Amino acid sequence: MALPGLSLPGLGLQSSHIASGSNVPNAAAQQTARQEDLAPRTEWRFEVNFQQQYTIRILSGNAELFGVELASNQPYNFSGIKGAIFTWQGCRLEISGEAESEYLGQETDYAVEWLNVHGMLETARDDAQSTPNGDGGPRVLVVGPDYVGKSSLIRSLTAWAVQSGWTPTIVNGDPREGLLAPPGSMSAVTVGSWLSVEDGYGISPISGPTVSPVKAPLVYHCPYTSPTEKPEIYKSLLTRTALSVTNKLEENALAKHSGLIIDTPGALNDPRSNYATVAHIVSEFSISLILTLGSERLSNDLIRRFSGTTAGADAIPVLRITKPAGAAEKDAQFMKQLQNQQIRQYFFGSSKDPLNPHSHTIAFADLNIWRANSRSLTQAMNSSATMDDSDDDYAPTSSMGSSQDFERVTPSQEMLGRLVAIKFCAGSETDEVAIRDSAVMGFAYVSEVDEGKKRVRFLSPHPQRWGDRAMVWGGWPEAVVDLVG
Amino acid sequence: MSARSPRGSLSGVSTEIAEDFSDSLKDLQGNNKFEIGNLTLIAKENTEHAQAISKVLEDHIRTTAPPRKLPALYVLDSIVKNVGTPYTVYLGRNLYQTFMDAYTLVDGNTRRNMEGMLKTWKEPVPGILDNTPVFPPDIVRPIENALIKFRTVMVQNNRGVQAQQPTYRNTPTPPQHNGRYAAPPSQGQGQPYYGQVRSFSEQGESPDRWADQSHQPSAYQQRTFSPAPQYQQPLGFPAQNQQPVNDLETIKRDVAAVAAQRQAQFAANPYDAKTRQELDALLQLQRLLDTQVLDAGALQQVQNQISALAVAPPPPQPTPQPAPAQHQWQPPPSIPQLPPQFSAPPVAYSQPPSAPPQQPSAHFLDPAALSGLQALLANGQKPSTPQMRAAAPALQNASHSQLSNVQTQTSTQPTINGADLIASLTKNGLLPPLPTSNTTPLPTTTTAPPPTQQQSTADILASLTKSNLFGPAPTPPGVPTPANTARPRVPMTAASLKTFRPELLHALYTSQPNQCSTCGRRFPASEVGRAAKARHLDWHFRTNQRMADSSIARGAHRHWFGNELEWIKLVEFDPSTTSAEDAAAAEARHGASGAGGGAGGKGGKKEMRAEERYVRAPPGVTRNVCSIDFEEMKSTYSEELQDWVFTNAVVMGGKIVHASCAEEMLKGSQKGAMASALQGGLGGQQRQRSATPDSALGKRKAEGALAGAGASRARME
């Protein structure tokens, strides 16, 4: 009698998992699987680059990644992440695959603080629920330099809130990293379903089934690397976002009670501007709690400004939160890869939720393209111009001196490899403010510009064309050359 | 059945056989020996396809209705015992999952059957020479461990939150014993001591054990008389806080040892309910010790309890133990005399002769006000000032400092009452897990300080308040209440950032013990939680099924983002746990589509035309007969909703009917009456049915998916 089952146990099991798209660690990695015992309130920190595969499985106990609890005995695969598996109660991990660094972190006082922040927000939410006509739940602004754990904090707070049955609204004000959208966007999402261990906020709505529930963001276009490039435009986008978010919270009682958390880029930590943008956010979103990470000066400045004696009745609590000891700087290369990955996933999905992008070729005449001028765009184009002297079809820098923030342009090779935001406003729109503030329907990638035949080939996430819509591109995100083909 | 295909058979054959097997499984309704034997035979003849068959069997066990799970498990049992390898290998891999998933969903009787079955898996198959057990121990043991945990959780749930967190009430002694520090020891001190000795002798236990412990007099005193260490430290009573860590380690070891002993007993006699309950309590205690910070008093008490258990395995008394702990920690006028205790607070509060901050409050603290406060206390929270003002109208005019005194007072009581919880834990461990709270009232959290020593207590409390140590007093879990009412209050101050609050974790972890094994999501152990988890698992199943279906998954593309209006109207919900009724209600409430998809909500509270109405299909329901025209309705999959729906349907009187039929009925009868009936059927939906159903406004959602912003999108092509 044939006994196929006597072959290696485990392999058959995994083959059944391949269908669901999870990455199966190869046999070599399996052999190097190792176990780690974590004491209560310690964490396993790991930095995995984009080429590496790292798998973690909980054998016993409980643990969470950015506030999202891992299921027991489920392999979780990581790539391109700097994270820490934290355990409150202690756990045993099985780890396989390779990482740039991995170690046991004992210094985890931050976690208690974060949990207490969660407790504060819960208290505020409970209060909001018991006073139906009040101001709603906590509205939290998180500020601090780059790489101090702001986004990790927000993800943890979000995950805990969702686990407690709330639907917090998250606003991402950092255009370098998208939230449910590619880089170059400023998005807001009300999180009504659980976060994923591997994918965080997960995926925006797609036409098919998804591993974890979709989350629908509202997206604005912020084609700048930093708010400092165009502080006024950045502020007006924030104002617009605040308007939508405030309206949304008024529509939905649970969302209102659950409150709001705003993530910001490190550039907001700018004493020279007297924290003008911070002050702007505080007033636009009626912030009720400011959390600062990583910078004592920032914390003191903000305390003086918002909760000092001069603030009077409008005082806002400013809390200085401990930066996690594991917060790791993401170097330029890592960030670049992260951005490329976000762009790629916007069109092609992830290995678990693969997507089919669609190609559309559209004549110049049917396109309404605007360019958002900025320093980074000028720099990018200057450098490409010097590198590519032979291409004299266009005069790159002459128009750059334009004082206009948004300028109607005809398609050109400059656009190649860039993301173009498709806005909800009509292409015939002439008002710069409307172009600037209109929400984003989607992004298209410029895969080819044929100046001879006067047409552009776009890669679009959606099979439908977008018709007569304004399209905007700018200096951010940078061109991606290898997205197609 | 052409089962004899060569080895390395084509997967197609496997699939075919698996399908046959699956069909037969689906016909298996009960514990039918013939059918089970037949299925076993099929499995035996098709060992080449063992993998596929095992998979089908596992899937079936997972997905079939709870009453049919046991027969299916019997098939598994029969196969592994009569056929053995390779099925044991294949089925063994996921056995934990298969078994536990089923176990959590079935009723008590079935569970006992399953436990019996599990037991046989540890033994060799009867009548076979081979001595190896059916499944290797490393497969069965995790299940057994999980079952123990599971029972612990069950016991916990029955017991409520209270027993889970003995942490925050530290010592049995009412606050007045703080007086020891301000005044020479009085008679009052001796009471618990005698009480304890007596209680030991009452149990007929050897006083030697008591002597064993008495060589630690300081520890004993600490247990009996000290308030919580965290409150002592700042007052400069270092002696109270001696070596809690060492104690903790010792106690942990002891607990582990006793637990192991009980585990062995339990293994020897798994149907001994008492051993099991004790074991449950011990395991629970172990976890507590691991996760939470117990103060010295509580620790000492734990230690006593443990050594009691360690020395004397429970005597085989037919009646449950009268909870020695109860007697130990009550001052002589114990349980039966609750009323005096309850009535004590007014006296206590109103007679603080030398507690200046408290005095002004005395005259307005009438019993009514206090009962309000007690109600707050019973909620297990340190009342905030506004809460207190609300609860006790007499406090309206109290100054903040007066209130904070009362707050301090009230919030310390639970803390100081501490170890009662350990006692109740032990007690509950010994009693059947019934809602016992009525028959044996737990030691009250509101135990009132007798007036005699109020003065010194008040002094200490006052100074504590002054030294600002009472910011976020850890709150006791209080009576069993839903998690959200037991939440601690954390003020938004920098001072409250550093204290570890295990109760916050409790809300995230322990209070939601029912975990999805796929994604790690947790659900409360309540009925609601179970229902949500069932829907959630169903969602996983549906999703996986659809993702495996390449025809659906292959063509997937990202939706456009929604525009502002859509996003504002969009009501986020968890598609995996939201039932049809919830979704409908939410939609009605918000006047927007509950579509989780990118299409989002469609502007505003518009009436839908009948044929555009839909009802989400309840899990497992694919067909339905309209009870108006008796025509069959079939569910269809809505991409937009990511769920199965009945189109042209509304819920009426708890049943799904054709929306058009309902409308006809509506036209033909009294609109008002029908509307209200319909509203009732819709679970309190507030749709304005009086509007003409065929209103021109009747823009509908599915269209709206393309409409809304999409209306113009549709134009685009």
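Listing for the model above:
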read-out	value
Residues of segment B:84-110 satisfying the condition of being facing chain A (nearest Cβ under 10 Å) and among the β-branched types (V, I, T)	B:T85, B:T88, B:V89
Whichever residue in segment B:531-552 is at the interface with chain A (Cβ under 7 Å from one of its Cβ atoms) and surrounded by fewer than 20 Cβ atoms within 10 Å (Cβ to Cβ) and, among such residues, is farthest from A:S60 (Cα to Cα)	B:I552
Flag if A:I362 is in a helix (DSSP H, G or I), of a type in the set (V, I, T), closer than 16 Å to A:R418 by Cβ and modelled with pLDDT of 90 or more	no
Test: residue in segment A:343-350 that is assigned to a loop (DSSP other than H, G, I, E, B) and within 14 Å of another protein chain (Cβ to nearest Cβ)	yes
Among (1) of a type in the set (A, V, I, L, M, F, W, C); (2) within 12 Å of chain B (Cβ to nearest Cβ); (3) touching a residue at least 24 places away in the same chain (Cβ under 8 Å), the one test that A:M335 misses	(2)
Top-ranked residue in segment A:435-485 [being farther than 25 Å from A:N382 by Cα and acidic (D, E); ranked as modelled with the highest pLDDT]	A:D437
Subset of segment A:437-470 that is in contact with a Lys or Arg (Cβ under 7 Å, 6 or more places away or on another chain) and away from chain B (no Cβ under 11 Å) - its residue that is surrounded by the fewest Cβ atoms within 10 Å (Cβ to Cβ)	A:E448
Unique match (being touching a residue at least 40 places away in the same chain (Cβ under 8 Å), farther than 17 Å from A:A181 by Cβ and assigned by TED's automatic domain parsing to the domain that holds A:I316) among A:S244, A:S283, A:S273	A:S273
Residue within segment A:113-124 that is among the charged types (D, E, K, R), part of a helix (DSSP H, G or I) and free of Cβ contacts under 8 Å to residues at least 60 places away in the same chain present	yes
Test for A:T158: is it crowded, with 24+ Cβ neighbours inside 10 Å, within 20 Å of A:S351 (Cβ to Cβ) and assigned by TED's automatic domain parsing to the domain that holds A:N247	no
Any hit, segment A:70-90, residues being at the interface with chain B (Cβ under 9 Å from one of its Cβ atoms), part of a strand (DSSP E or B) and either among the charged types (D, E, K, R) or closer than 23 Å to A:S193 by Cα (or both)	yes
Subset of segment A:125-155 that is of a type in the set (A, V, I, L, M, F, W, C) and in a helix (DSSP H, G or I) - its residue that is surrounded by the fewest Cβ atoms within 10 Å (Cβ to Cβ)	A:A128
Those residues of segment B:482-530 which are surrounded by 17 or more Cβ atoms within 10 Å (Cβ to Cβ), more than 7 Å from every other protein chain (Cβ to nearest Cβ) and at pLDDT below 85, in sequence order	B:A483, B:A486
Residues located in segment B:82-120, provided they are among the aliphatic types (A, V, I, L, M) and outside any helix (DSSP H, G or I)	B:V83, B:V106
Per-region count, segment A:74-91, residues under 18 Å from the mean Cα position of the chain (by Cα) and among the polar types (S, T, N, Q)	1
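A quick yes/no check of all residues on (1) among the hydroxyl-bearing types (S, T, Y); (2) buried (at least 20 other Cβ atoms within 10 Å of the Cβ); (3) within 33 Å of the chain's Cα centre (by Cα); (4) in a helix (DSSP H, G or I):
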{"position": "B:D20", "(1), (2), (3), (4)": "no, no, no, yes"}
{"position": "B:S24", "(1), (2), (3), (4)": "yes, no, no, yes"}
{"position": "B:T40", "(1), (2), (3), (4)": "yes, yes, no, yes"}
{"position": "B:I61", "(1), (2), (3), (4)": "no, yes, yes, yes"}
{"position": "B:L73", "(1), (2), (3), (4)": "no, yes, yes, yes"}
{"position": "B:V80", "(1), (2), (3), (4)": "no, yes, no, yes"}
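Residue-wise test of (1) farther than 19 Å from B:E572 by Cα; (2) within 17 Å of the chain's Cα centre (by Cα).
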position	(1), (2)
A:A188	no, yes
A:E198	yes, yes
A:I203	no, yes
A:T246	no, no
A:E250	no, no
A:G259	no, no
A:P265	yes, yes
A:Y275	yes, no
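The values are calculated or read from the model by the stated rules, or taken from the named source; none is laboratory data. Just so we're clear, the structure is a prediction, and the values are computed from it rather than from any experiment. Heads up, the Cβs are rebuilt from the backbone with ideal geometry, glycines too, and the neighbour counts pull from every protein chain shown.
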